[in-house]
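Below you'll find the structure, written out as structure tokens, and then a few comments.
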Amino acid sequence: MTGLIPGIAWLLYFRWRSGRFGTSFDHVLRVFIWGCFCTIPAGLIEHVTGAILQQDTYLTSTAVGFLLIAPIEEFSKLVAVWAGVYRSRHFTNPMHGLLFAATAGCAFASVENVVYMALLGPEVFVLRLVYATPAHIMFSVMWGYSLGLARFRKDGELVKVGEGLTASILLHGIYNAIVAYNPSIAVVSLVPLMLFMGWLTSHLVSRLRNGYPYEPLGEGVLVLCPNCAVLISEQATQCSRCGFRVPGSLPDTPRFCAKCRALVDLEYDVCPTCGSVLKIASDETNFAGPGI
């Protein structure tokens, strides 16, 4: 079980970095479990297609790394988030895209760590700790960032997700190509790529954590569309994203500040997180967003 330690440690780090945009551990655990299970079809597909880096030539190894291993593994991790929480009412701001993507990356890397240590022995633990585990997480952050933005777009949702997935596959492919070129010196040759991905990850986390430019949704309070679970104005009669006709509902509907997306209670007149004024409508205009 030692192989699980790096993934769990990185997961705790991203939970801390998510700050006020964090979510319940139950939802993180759900994605982690999905991420673990998604290693099974990924491993089967790689086995059937012969997707391993040790090919006859470096060119073939590079092609396999870019065209098979990277797409299979990154798509599998994305499925873990998409199936686990993407349409959930708990996915309430773009930062959750990074958090859930990092969770899927932690899960995938953790299972790989256990498998590699079982096959190759405990001596691979340090290399997996320093390189493979953080690399998987940083690959995932690329599509996690796009997933967080796409979740709150009316148009071009899949295109935005595709952009992030392409970036993650490219970085994953480069990583594979460096390892395939000369595994014995990969501990040195991977350093520039790891530093670059670390900087890029920190930049994306900081950008969303310190002030994502949300699309204007008016002032006051937001609630969740019962059909697509996107945030809309509490007084809206129709969802601006999916067109769903908003019905009336219960007074205990979850409410969020329109400015900073913080969860707010019904009795609040001012957001406790950012200080903006909350103009909460009467109960007749409120509705519950059960999510999907």
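Could you check, for region 69-81, whether at least one of its residues is acidic (Asp, Glu) and touching a residue at least 60 places away in the same chain (Cβ under 8 Å)? Yes: region 69-81 contains one or more residues that are acidic (Asp, Glu) and touching a residue at least 60 places away in the same chain (Cβ under 8 Å). Within region 102-118, the residues that satisfy the criterion of being of a type in the set (Gly, Ala, Ser) and either in contact with a Lys or Arg (Cβ under 7 Å, 6 or more places away or on another chain) or surrounded by fewer than 24 Cβ atoms within 10 Å (Cβ to Cβ) (or both) are Ala104, Gly105, Ala118.
Table: residues versus (1) of a type in the set (Val, Ile, Thr); (2) touching a residue at least 12 places away in the same chain (Cβ under 8 Å); (3) open to solvent by less than 10 Å² (accessible area, probe 1.4 Å).
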{"residue": "Tyr145", "(1), (2), (3)": "no, yes, no"}
{"residue": "Glu157", "(1), (2), (3)": "no, no, no"}
{"residue": "Gly164", "(1), (2), (3)": "no, yes, yes"}
{"residue": "Ile169", "(1), (2), (3)": "yes, yes, no"}
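Taking each residue of region 32-50 that is closer than 22 Å to Ser61 by Cβ and open to solvent by 60 Å² or more (accessible area, probe 1.4 Å) and looking for partners that are modelled with pLDDT under 90 and outside any helix (DSSP H, G or I) with beta-carbon atoms closer than 9 Å, six or more apart or interchain, yields Ile45/Ala51.
Tell me whether region 17-30 contains one or more residues that are on the phi > 0 side of the Ramachandran plot, modelled with pLDDT under 75 and surrounded by fewer than 22 Cβ atoms within 10 Å (Cβ to Cβ). There is at least one residue in region 17-30 that is on the phi > 0 side of the Ramachandran plot, modelled with pLDDT under 75 and surrounded by fewer than 22 Cβ atoms within 10 Å (Cβ to Cβ).
Of all residues in region 146-164, at least one satisfies being in the same structural domain as Thr103 (by the TED database), at pLDDT 90 or above and charged (D, E, K, R).
The values are calculated or read from the model by the stated rules, or taken from the named source; none is laboratory data. From a predicted model like this one, the values you see are computed outputs, not experimental measurements. Cβ: placed from backbone, ideal geometry, glycine included. Neighbour counts: every protein chain shown. Surface accessibility is based on the protein's heavy atoms, side chains included, excluding ligands, DNA and RNA. Shrake-Rupley method; radii C 1.70, N 1.55, O 1.52, S 1.80 Å.
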